[in-house]
1. Any residue in the range 157-171 that is closer than 14 Å to Leu209 by Cβ sitting within a Cβ distance under 8 Å of a residue that is of a type in the set (A, V, I, L, M, F, W, C) and part of a helix (DSSP H, G or I)? List the pairs, counting only those 6 or more apart or interchain.
2. Scan the range 119-146 for residues that are out of contact with any strand residue (DSSP E or B) (no Cβ under 8 Å at 6 or more places or on another chain) and within 15 Å of Trp60 (Cβ to Cβ) and jot them down.
3. With respect to the numbered conditions (1) modelled with pLDDT of 95 or more; (2) surrounded by 17 or more Cβ atoms within 10 Å (Cβ to Cβ), which one is the sole condition not fulfilled by Gly273?
4. Can you pull out the residues in the range 84-140 that are assigned to a loop (DSSP other than H, G, I, E, B) and closer than 21 Å to Ala192 by Cα?
5. I'm checking my understanding of the structure. Among residues of the range 72-124 that are within 24 Å of the chain's Cα centre (by Cα) and among the β-branched types (Val, Ile, Thr), which one is surrounded by the most Cβ atoms within 10 Å (Cβ to Cβ)?
6. Might you let me know whether the range 261-269 holds any residue that is among the acidic types (Asp, Glu) and either outside any helix (DSSP H, G or I) or touching a residue at least 60 places away in the same chain (Cβ under 8 Å) (or both)?
7. Is it true that some residue in the range 155-166 is in a loop (DSSP other than H, G, I, E, B), in contact with a Phe, Trp or Tyr (Cβ under 8 Å, 6 or more places away or on another chain), under 30 Å from Arg123 (Cβ atoms) and modelled with pLDDT of 95 or more?
8. Return the pairs, sorted by first residue and then second, in which the second residue is outside any strand (DSSP E or B), the first residue lies in the range 127-143 and is among the charged types (D, E, K, R), the beta carbons are less than 6 Å apart, and the residues are 6+ apart or on different chains.
Amino acid sequence: MRILTGTAGWADASLIRSGWYPPGTRTAAGRLRYYGSQFHLVEADAPYYALPSAATVTGWIDAVADGFTMDVKAYSLLTGHRTRVATLPADLRTRIRGPWLTASSAPAELVAELWRRFHQTFRPLREAGVLGLVLLQFPPNCRADPAGLASVRAALRQCGSLPAAVEFRHASWLEPEQREQTWKLLRDHGAAYVCSDMSQSHPAAVPPLLAVTANRAVIRLHGHSAAWSRGGKEERYRYEYSASELAAWAERSRRLGEAAEEVHVVVNTCCAGTAQRAAAVLRDQLDASEAGSGGLPKTEVGEGG
């Protein structure tokens, strides 16, 4: 059973100010090197906002040790999120009028070119043995209807040989009558399902259902902020998991590990090092505990609750 724990990102400003990094750790490479001494997994979330340069990706590879795994969050437009034109590669911006692109307004040839560049950008990461999974996080307006199914299928086809993990943000994908179709869609593309822990305070909230649809499984812990559906980014993700909550997620991680070859557990909370502290507690709980009981079905392994 191989369970990797880590956080979404390692260089946000509040983390740097928090004192989590040792004094004198001032460079991007130095921070990633220290982070890698604490965890074996990180989710690079910066590519969601803009594709990194080749030099940046090379720097990531040079900064991490053998055996380190980096999941990469796909660029926003590739999964249908509303995207600022200013975040496109410079040579592609001149083709677009207006400040924003949406899934319906983005030209198909532009999306295809962005996918081509995405593959090109992260090929070195994969060749170095560092790339884990490509996170395809679909927006809340992506529902389990014909349009949503077409969007997810298109992204999975474009992701191609890159190992994908899919996170839904609308509960329709996990309704009892839809659930098996969702699992089949992911299994057909060899994509991992992402179990999301989030506030359940709004009607479209995705329940924390555990499932295995590929050789790897993923859990993303977003916290239970009361501002999930109305606040800014920091307000939505501002949450500190208790030790008992993390112990419960350690047990669920072990349950997934009985049906998958590898489990990635990513803490995605704000701010000032709360994610890193929670991930460290979870890591220590997993290290100290014995494996859970067996006999779980291959696809659906139970409610996260």
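1. Val166/Val152; Val166/Leu156; Val166/Leu186; Phe168/Leu174
2. Residues satisfying the conditions are Thr121, Arg123, Pro124, Arg126, Glu127, Ala128, Gly129.
3. Here Gly273 clears every test but (1).
4. Here is the first cut: in the range 84-140, the ones assigned to a loop (DSSP other than H, G, I, E, B) are 88-89, 94-99, 102-107, 128-130, 138-140.
Hits for the range 84-140 are Gly129, Val130, Phe138, Pro139, Pro140.
5. Among residues in the range 72-124 that are within 24 Å of the chain's Cα centre (by Cα) and among the β-branched types (Val, Ile, Thr), the one surrounded by the most Cβ atoms within 10 Å (Cβ to Cβ) is Val72.
6. So in the range 261-269, the residues among the acidic types (Asp, Glu) come out as 261-262.
With either outside any helix (DSSP H, G or I) or touching a residue at least 60 places away in the same chain (Cβ under 8 Å) (or both) added as a condition, the list becomes 261-262.
Taking every residue of the range 261-269 in turn, at least one turns out to be among the acidic types (Asp, Glu) and either outside any helix (DSSP H, G or I) or touching a residue at least 60 places away in the same chain (Cβ under 8 Å) (or both).
7. The answer is yes; a qualifying residue exists.
8. Arg143/His170; Arg143/Ser172
The values are calculated or read from the model by the stated rules, or taken from the named source; none is laboratory data. All values reported here derive from a predicted model rather than from experimental measurement. No Cβ is skipped: glycine too gets one built from the backbone with ideal geometry, and neighbour counts run over all protein chains shown.
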